[in-house]
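The values are calculated or read from the model by the stated rules, or taken from the named source; none is laboratory data. Computed from a predicted model, the values in this text were never measured in an experiment. FYI the Cβ positions are ideal-geometry reconstructions off the backbone, even for glycines, and counts take in every protein chain you see. Ligands, DNA and RNA are excluded from the accessible area calculation, which covers all protein heavy atoms including side chains. Shrake-Rupley method; radii C 1.70, N 1.55, O 1.52, S 1.80 Å.
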Amino acid sequence: MRILMAASEMAPLARTGGLGDVLEALPAELQRRGHEVSVILPYYRSIRENKSLHVEPTGVVMTIEVGARKIETEILESEAPNGVQVFFVRRDEYFDRSEIYGADGRAYEDNAERFIFFSKAAVELARRVIPAPDIIHAHDWQTALIPVFIRHRQLPFKTVLTIHNIAYQGSFWGMDFGLTNLPGSYFTASGVEYYGRLNFIKGGILYADAVTTVSERYARDMRTPEFGAGLDPVVREHAGKIKGVLNGADYETWDPAKDKMIAATYSEKNPSAKKVCRDALLREMSLDPAPRGPVFCMVTRLAEQKGFDILIPLLDRLLADDVRLVILAEGDSDYSRELAMAAKRNAGRFAFRRIMDDALSHRIYAGGDVTLIPSHFEPCGLGAMYALKYGAVPIARASGGLYQILTDYDPSTGMGNGFLFYEYTAEALWDTMGRAKHHFANAEAWQRLMQHGMECDFSWSAAGLEYERIYASLIGPAVVAEKAA
């Protein structure tokens, strides 16, 4: 099958979180399974400045209609480090910016226009590629209007939309609908309108041929008022075509046995060098060495979803003990300010870094003993997969994909791979951190727990097979057989 994936991120070219990781790993897995896969991305400034990436013009120049404007764009081409073909949509007024979605904690005011333009460009590219793709797979709100445009124009592509986090819907004021150039009949309750606003994700759910999300549990959670982010009535109405597929971890990138970004390599069979990584992390972060308690760590976005409202009130109490804490997180300016103040109050025990750094995230997982994932909800939980592989035992609130990844540690049997809590309260988190500190004091039992987590396998093969089945169900077995021949 020929598959074109459209997304706003693809690690290591452009990444703010798990979306970028998925777009690095899933296309490579499908390519390994014998499919022709390419990815289309915006040509961001960070990509243009990437000296290790060889980008060439394709010779394709297109004119895209966005509202009353006709905007010219150039299509560039390269090969990602994983060997996947990547197309870039170049329009500097939209994408030559310091960040992907916004700066100084605020989204860019023209994000609707930017990603309507990008989605239309992706559709136009699909029309021009020879041979044409069988499937166009859109990811998250930034490309969720692609199925709408394809259905409206009756183009011969099957579409899949993956919702990575329904809290981010691409909801914009109704006047932005004019930028789509769709007939007014689409801005209704049976189209892309939702409570008077233009809603990208709603449009994708209605018009995509198949919709997936990043875990089976999250597919159910999205139907509820608690986790549906206001769109749960739409999800319930279309639940029959929404399928949960648990993401995988890319162990070519995330494996301490061969990770060149960490101080020393180690594995579940020989984890002794993890202490070297721990000591190196403490030095790098200018933290006091040799704490009696664990090194807690957190690599995430600064967003309410991630549990900072229950974690921040506990910081001073946690750091009164002989433990260390390292947080790498970028996003909300209010949380950033509170964490910076807490780090200043607890110098030597707490280090906060507010600029996302891929290499540093590897060193943090390698040097940490415990990874904090106190999220209000977690659609998948890639961070938990990485933490397990690096022996940084997760503490997490049970939600979404974490139900499929983690099991609570039972000291009486030695079973489990992390520490779970269920109530979204600071008290529940505090009690669970206390449990982890208690068991950390038993070095032999802790090493067994750590090794058990490192042995877990969440590779992409199962997810790749499931997506292969979804694509095949859309284009039909006869077509799949013909293309395989």
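Here region 293-326 is the region considered, the condition is being more than 23 Å from L388 (Cβ to Cβ) and free of Cβ contacts under 8 Å to residues at least 40 places away in the same chain, and the residue that is surrounded by the most Cβ atoms within 10 Å (Cβ to Cβ) is L315. Of the residues R91, R106, which single one is at pLDDT below 95 and either of a type outside the set (A, V, I, L, M) or on the phi > 0 side of the Ramachandran plot (or both)? Selected residue: R106, the only one of R91, R106 that is at pLDDT below 95 and either of a type outside the set (A, V, I, L, M) or on the phi > 0 side of the Ramachandran plot (or both).
For region 153-172, taking the residues that are in contact (Cβ under 8 Å) with a residue 12 or more places away in the chain and more than 25 Å from F227 (Cβ to Cβ), the one that is surrounded by the most Cβ atoms within 10 Å (Cβ to Cβ) is identified as K158. Of all residues in region 236-249, those that are of a type outside the set (G, A, S) and open to solvent by less than 30 Å² (accessible area, probe 1.4 Å) total 3. Can you name the residue in region 187-235 that is hydrophobic (A, V, I, L, M, F, W, C), in a loop (DSSP other than H, G, I, E, B) and closer than 28 Å to A463 by Cα and, of all such residues, is most open to solvent (accessible area, probe 1.4 Å)? If we take residues in region 187-235 being hydrophobic (A, V, I, L, M, F, W, C), in a loop (DSSP other than H, G, I, E, B) and closer than 28 Å to A463 by Cα, then A229 is most open to solvent (accessible area, probe 1.4 Å).
Only one of the listed residues (A264, A290) is assigned to a loop (DSSP other than H, G, I, E, B), open to solvent by 30 Å² or more (accessible area, probe 1.4 Å) and of a type in the set (A, V, I, L, M, F, W, C). That residue is A290.
Criterion first (within 23 Å of I312 (Cβ to Cβ), in contact with a Cys (Cβ under 8 Å, 6 or more places away or on another chain) and either open to solvent by less than 60 Å² (accessible area, probe 1.4 Å) or part of a loop (DSSP other than H, G, I, E, B) (or both)) does I364 satisfy it? Criteria met by I364. Of all residues in region 119-133, those satisfying the criterion of being open to solvent by 20 Å² or more (accessible area, probe 1.4 Å) and touching a residue at least 12 places away in the same chain (Cβ under 8 Å) are K120, E124, R127, R128, V129, P131, A132.
Residues considered: Q447, Q451, Q404. Of these, the only one that is in contact (Cβ under 8 Å) with a residue 12 or more places away in the chain, of a type in the set (S, T, N, Q), surrounded by fewer than 22 Cβ atoms within 10 Å (Cβ to Cβ) and in contact with a helix residue (DSSP H, G or I) (Cβ under 7 Å, 6 or more places away or on another chain) is Q404.
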